[in-house]
Amino acid sequence: MRVRRHPAEPRAHGRQVRRVRANAGGERMTLKTMYPFIEFIQIPKKSKTSAWNCCTRQGDILGEVRWFSGWRQYCFFPTVELATVFSAGCLDNIRQFINALMAERKAVSA
C-alpha cells in the first residue's frame, strides 16, 4: 500500500542534513545534503571556502562543487576520470545545492 504525502509536507529528497560519518580509511567526513541519487560530502578545508564532492550513492565521485573566484560563486566541476552523464533532475539537484551554499555565504557575510 502506498502512503500519500500531504501537499503541505516537505519532500523527503533534497533535505538539508549534516551528518558525520567515517570513510573507508576511518577519516571523518561531513555529509551535507542527500538527494535521491546523489550526495555531497565535504572535502577537508585547504582554502578559505568550502569544497564538496558530488557522489553517487554507490560512492563514485561525479565532480566537485567549489568556489570559482573568477565568477565569485560556487561552481560544479565534473570529474575527468569518469564519463559522466547527467539528467535534468540531477543537474537541478546540483543547482539547488550550489544555491544553498551561496545563501549560506551571503547570510554569513551580511
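Read-outs throughout are calculated quantities, based only on the coordinates presented, and are distinct from any laboratory measurement. Fair warning: this is a prediction, and the values are worked out from it, not measured in the lab. FYI the Cβ positions are ideal-geometry reconstructions off the backbone, even for glycines, and counts take in every protein chain you see.
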Counting only DSSP loop positions in the range 37-110, the GluC sites (Glu not before Pro) whose Cβ has at most 11 other Cβ atoms within 10 Å are GLU81
Filter the trypsin sites (Lys or Arg not before Pro) in the range 32-69 down to the DSSP loop ones having no more than 13 other Cβ atoms within 10 Å, then list what survives. LYS45, LYS46, LYS48, ARG57
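Using DSSP to call loops (not H, G, I, E or B), can you name the chymotrypsin sites (Phe, Trp or Tyr not before Pro) in the range 40-110 whose Cβ has at most 16 other Cβ atoms within 10 angstrom? Could you put the intermediate results ahead of the total?
On the way: sites: PHE40, TRP52, TRP67, PHE68, TRP71, TYR74, PHE76, PHE86, PHE97; in loops: TRP71, PHE86.
Passing sites in the range 40-110 are TRP71, PHE86.
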